[in-house]
Amino acid sequence: MLPSARRIGALINAADISSKPILDQIQHAGTITGLEIAPVLSVHSPNEIDAALATIKQEGADAVVVQGSLGAKILAELALKHRLPAAATFPPFAEAGGLMSYSVSFAEAFRLCANLVVKILQGGKPAELPVEQPTKFDLVINLKTAKALGITIPGTMLARADEVIE
């Protein structure tokens with residue numbers, strides 16, 4: 001979406017127990033794509049988000065990946081205030097005004113979970129059931145935010161989106 005981006009900031013929720021594995025995956029993605037993941041900041045409350053995004057912008061990040069558990073609306077508003085293209089793995093983030101979200105299809109994940117519950121209720125032993133992983137992911141792009149940031153979304157990306165917010 002941002003072919004000129006070379007440095008991506010990360011904003012992590014220090015109070016969320018999943019922040020470490022999420023940060024590990026963000027850094028892994030940076031390694032395999034050749035992007036620098038910096039700066040990486042952790043916040044302990046929503047009151048710290050504004051200052052953290054200001055720091056990320058001042059330190060030269062071209063965009064930011066945010067942990068959705070910090071709150072979609074405030075994250076989206078403050079990312080736009082600081083003119084930072086922002087992405088999260090939580091669809092309500094894009095719906096609240098974030099640039100984009102890319103996540104597992106929650107509908108498919110819930111279906112997989114329900115199928116496992118049925119198998120267990122029918123006498124299946126959990127330890128013997130195969131591990132199933134989601135295969136469908138949802139891309140949500142917010143065109144209003146893209147326009148506000150002066151970003152032109154390539155047509156190929158829009159065509160791949162599961163939802164485009166205008």
Some residue of region 44-63 being under 22 Å from E166 (Cα atoms) and modelled with pLDDT of 95 or more: yes
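Among the residues of region 122-132, count how many are open to solvent by 100 Å² or more (accessible area, probe 1.4 Å) and either modelled with pLDDT of 95 or more or of a type outside the set (A, V, I, L, M, F, W, C) (or both). Quick ask: steps written out before the conclusion?
Kept after step one, since they are open to solvent by 100 Å² or more (accessible area, probe 1.4 Å), are these residues of region 122-132: 122, 125, 127-128, 131.
Going one step further and asking which of them are either modelled with pLDDT of 95 or more or of a type outside the set (A, V, I, L, M, F, W, C) (or both), we end up with 122, 125, 128.
Qualifying residue count, region 122-132: 3.
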Condition check for T152: open to solvent by less than 90 Å² (accessible area, probe 1.4 Å), within 24 Å of L80 (Cα to Cα), modelled with pLDDT of 90 or more and out of contact with any His (no Cβ under 6 Å at 6 or more places or on another chain): no
Test for I26: is it at pLDDT below 95, closer than 21 Å to S69 by Cβ and touching a strand residue (DSSP E or B) at 6+ places or on another chain (Cβ under 6 Å): yes
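Please tell me if A107 is modelled with pLDDT under 90 and aliphatic (A, V, I, L, M). Write out each step before concluding.
Details: modelled with pLDDT under 90: yes; aliphatic (A, V, I, L, M): yes.
Answer is yes for this residue.
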Unique residue being over 14 Å from the mean Cα position of the chain (by Cα) and crowded, with 18+ Cβ neighbours inside 10 Å when the list is V43, V64: V43
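For region 118-140, does any single residue satisfy the condition of being under 23 Å from S4 (Cα atoms) and in contact with a helix residue (DSSP H, G or I) (Cβ under 9 Å, 6 or more places away or on another chain)? Full working, then the answer.
First, pick out the residues of region 118-140 that are under 23 Å from S4 (Cα atoms): 139-140.
Now narrow it down to the ones that are in contact with a helix residue (DSSP H, G or I) (Cβ under 9 Å, 6 or more places away or on another chain): 139-140.
There is at least one residue in region 118-140 that is under 23 Å from S4 (Cα atoms) and in contact with a helix residue (DSSP H, G or I) (Cβ under 9 Å, 6 or more places away or on another chain).
The values are calculated or read from the model by the stated rules, or taken from the named source; none is laboratory data. None of the values given here were measured: they were computed from a predicted structure. Note: ideal-geometry Cβ built from the backbone for every residue, glycine included; neighbour counts use all protein chains shown. Surface areas here come from the heavy atoms of the whole protein model, side chains and all, with no ligands, DNA or RNA. Shrake-Rupley method; radii C 1.70, N 1.55, O 1.52, S 1.80 Å.
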